[in-house]
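Coordinate-derived values only; no laboratory data. Keep in mind that what you see is a predicted model, and the values were worked out from it rather than measured. Here the Cβ positions follow ideal geometry from the backbone for every residue, glycine too, while neighbour counts run over all protein chains shown.
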Amino acid sequence: MKKDDCIFCRIANGEIPSKTLYEDRDFRVILDLGPATKGHALILPKEHAADLYELPEELAASVFVLAKKMAVRMTERLQCDGMNLVQNNGEAAGQTVSHFHVHIIPRYAGDGQKISWVPGKPAQEELEAVKRQIAE
Ligand code: 5GP
Ligand code: ZN
């Protein structure tokens, strides 16, 4: 279902114009208005899902296939040197638009952008505890 007050629903369904790179029954791929690098694109499902938790499994499966196709094409066309796929869920994770989307960010040697974190140094016991918390 589309949500009338959701900007990405309106873009994905063509009510608001966008720089569209690709479209099919389920998805629209557009250029990000505030690109991290040249070619930064967003995959938007046409159906509203706020985030990964709400995304139906069939779309979760097909979105990665589409991400691969776009990454291959964009790498060929833009001659970039690498590619980041980024997908934020929740404010704490940096999500600013509450409609599921995948960022496709072409990377160019020396582009100066950072998509990174500070690595922790957990003890073995900590790793074991978190493993148990998730896996058991
Ligand atoms: P998030 O932080 O939620 O993962 O990413 C939201 C992204 O959407 C940002 O990179 C931002 O630049 C982009 N964005 C926000 N509003 C619009 C819009 O109206 N059109 C387009 N093309 N991109 C948008
Ligand atoms: Zn939406």
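The table below gives the values:
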{"read-out": "Global form of the stretch 15-136, assessed from the alpha-carbon gyration tensor, a/c cut-off 1.5", "value": "oblate"}
{"read-out": "Rel. contact order, % - alpha carbon contacts under 8 angstrom, at least six apart, the chain", "value": "23 percent"}
{"read-out": "Cβ-based exposure ranking for LEU33, LEU21, in which fewest neighbours within 10 Å come first", "value": "LEU33, LEU21"}
{"read-out": "Taking the stretch 7-75 and dividing mean pair separation by its residue count, relative contact order in percent (alpha carbons under 8 Å, at least six apart)", "value": "23 percent"}
{"read-out": "Listed residues GLU58, GLU91, GLU125, most fluctuating in the chain (Gaussian network, C-alpha, under 10 Å)", "value": "GLU125"}
{"read-out": "5 angstrom amide H check on TYR108, placed H, neighbours 5+ away", "value": "ASP81"}
{"read-out": "Cleavage-rule hits, chymotrypsin sites (Phe, Trp or Tyr not before Pro), the stretch 5-71, DSSP coil, Cβ neighbours within 10 Å at most 15", "value": "TYR53"}
{"read-out": "Residues ILE11, ILE16, ILE43, ILE134 arranged by fewest to most Cβ contacts within 10 Å", "value": "ILE134, ILE16, ILE11, ILE43"}
{"read-out": "Qualifying aspartates and glutamates (Cα of each under 15 Å from Cα of LYS2; at least 8 residues distant if same chain)", "value": "GLU15, ASP26, GLU47, ASP51, GLU54"}
{"read-out": "Acute angle (nearest 10 degrees) that the helix 57-78 long axis makes with the longest principal axis of the chain, alpha-carbon atoms", "value": "70 degrees"}
{"read-out": "Cross-link pairs LYS3/LYS68; LYS3/LYS38; LYS46/LYS68; LYS68/LYS131 - those with Cα-Cα distance over 24 Å", "value": "LYS3/LYS68; LYS3/LYS38; LYS68/LYS131"}
{"read-out": "On Cα atoms only, tilt of 124-135 relative to the major axis of the chain in degrees", "value": "50 degrees"}
{"read-out": "MRE, 222 nm, helices only [DSSP H, n ≥ 4, -39500 (n - 2.57), over the chain, to nearest 500]", "value": "-9500 deg cm²/dmol"}
{"read-out": "Cβ-isolated cysteines (cut-off 4.7 Å), the chain", "value": "CYS80"}
